[in-house]
Amino acid sequence: MSTGYRILVVEDMPALRAHVAETLRDLGGQLVIETAGDGREALDRIEAATEPFHLLVCDIIMPRMDGEQLLAELRKRAYPAAVIMLTALGQDDVIVRCLRHGACDYLVKPVGIDALLLVVANTLQHLPVAGTELDVEYDPHGWFEVTGGSDASVLYRYRRFLGLLERFRIPEPAAGEVRLALEELGRNAIEWGNRNDPGKKVKFGCRILPGKVIVYIEDEGQGFNISKVPDPSIDPLAHIESRKNEGKRLGGYGIHLIRNLMDKLVYDARGNRVVAIKYLDRATTASH
């Protein structure tokens with residue numbers, strides 16, 4: 001961390017507050033770390049600061065003003081800091097509310113040192129887009145959907161919060177395969193569907209049904225003809241050279257990769273909405 005970042009740790013338990021602050025100093029660089037014991041003290045720190053904080057690491061259950069109330073107040077003020085929620089709670093409704101109010105990540109206590117450092121470092125690397133507005137729809141019976149501007153932070157927040165929802169806990173190795181598919185499909189929708197246009201929306205959804213998980217992604221681009229997408233596995237070197245010549249990022253194995261990760265992959269007629277299905281029971285796969 002060579003750049004100077006300002007971080008505010010908001011936690012009502014003094015020992016934990018000190019521990020989190022000291023742990024974050026291990027990130028090195030020119031970090032300025034301050035602490036507050038609750039949401040009201042945090043607002044006092046924010047108002048007294050000569051420069052805005054880049055990041056808040058905030059507990060939820062606190063006296064006077066809790067983490068949810070603080071998060072809502074920051075959103076009302078359009079405060080530019082990213083916010084990571086830190087709590088012992090694992091309730092889906094709390095997680096969804098935090099995402100709706102603008103949280104960029106969420107860690108469930110007890111939090112390991114490595115997990116804390118990793119999430120904070122990743123958040124600091126995406127600060128310019130950490131405040132992207134999201135529309136969130138959630139049905140506790142098995143439906144979760146996020147809509148936001150064409151930015152990788154929307155995909156990141158969707159994947160992170162999806163992984164925390166109890167109803168959407170997917171067993172390994174299927175969970176890892178779904179994450180990879182979401183990453184590739186999501187980046188394609190943002191980069192090549194919407195052409196990174198922040199004015200265009202991208203929608204990420206997930207539905208859990210008995211024995212299978214369904215993910216869907218939709219962009220507002222012009223679409224494409226999936227039948228004209230070449231198979232990169234036929235000539236990998238030529239594929240890499242072609243992408244370099246077209247100015248595209250390395251990779252491009254998306255559709256070919258996803259077809260191997262997921263059990264079904266269906267595009268609509270325009271090519272800007274895709275549904276991918278993963279059967280959680282291999283026996284179910286064989287019967288379809």
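The values are calculated or read from the model by the stated rules, or taken from the named source; none is laboratory data. All values derive from a computational prediction rather than experimental measurement. Don't worry about glycine lacking a Cβ; one is built from the backbone with ideal geometry, like all the others, and counts go over all protein chains shown.
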Hey, among the residues in the stretch 186-198 that are touching a strand residue (DSSP E or B) at 6+ places or on another chain (Cβ under 9 Å) and modelled with pLDDT under 90, which one's nearest to M262 (Cα to Cα)? N188
Being at pLDDT below 90 and touching a helix residue (DSSP H, G or I) at 6+ places or on another chain (Cβ under 8 Å) narrows it down to one residue among L71, L117, L86; which is it? L86
Could you give me the residue pairs with C-beta distances under 6 Å whose first residue belongs to the stretch 179-207 and is within 15 Å of L134 (Cβ to Cβ), whose second residue is assigned to a helix (DSSP H, G or I) and among the small types (G, A, S) wherever it lies, and which are 6+ apart or on separate chains? V202/A189
For the stretch 179-226, which residues satisfy the criterion of being within 14 Å of L280 (Cβ to Cβ) and out of contact with any helix residue (DSSP H, G or I) (no Cβ under 8 Å at 6 or more places or on another chain)? R207, L209, P210, I214
Please find, within the stretch 72-87, the residue that is surrounded by the most Cβ atoms within 10 Å (Cβ to Cβ) out of those that are more than 18 Å from R160 (Cα to Cα) and of a type in the set (A, V, I, L, M). L74
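Looking at this structure, is T87 touching a residue at least 24 places away in the same chain (Cβ under 8 Å) and among the polar types (S, T, N, Q)?
Taking the combined requirement at face value, the residue satisfies it.
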Across the stretch 189-211, the tally of residues that are more than 22 Å from the chain's Cα centre (by Cα) and of a type in the set (K, R) stands at 0
If a residue has to be surrounded by 18 or more Cβ atoms within 10 Å (Cβ to Cβ) and over 20 Å from A15 (Cβ atoms) to count, how many in the stretch 25-64 make the cut? 6
Is it fair to say E172 is surrounded by fewer than 22 Cβ atoms within 10 Å (Cβ to Cβ), assigned by TED's automatic domain parsing to the domain that holds D139 and free of Cβ contacts under 8 Å to residues at least 12 places away in the same chain? yes
Looking at F161, is it aromatic (F, W, Y), in contact with a strand residue (DSSP E or B) (Cβ under 7 Å, 6 or more places away or on another chain) and in contact (Cβ under 8 Å) with a residue 60 or more places away in the chain? yes
Residue count, the stretch 140-156 (criterion: among the hydroxyl-bearing types (S, T, Y), crowded, with 19+ Cβ neighbours inside 10 Å and at pLDDT 90 or above): 1
When you look at Q125, is it among the polar types (S, T, N, Q) and touching a helix residue (DSSP H, G or I) at 6+ places or on another chain (Cβ under 9 Å), yes or no? no
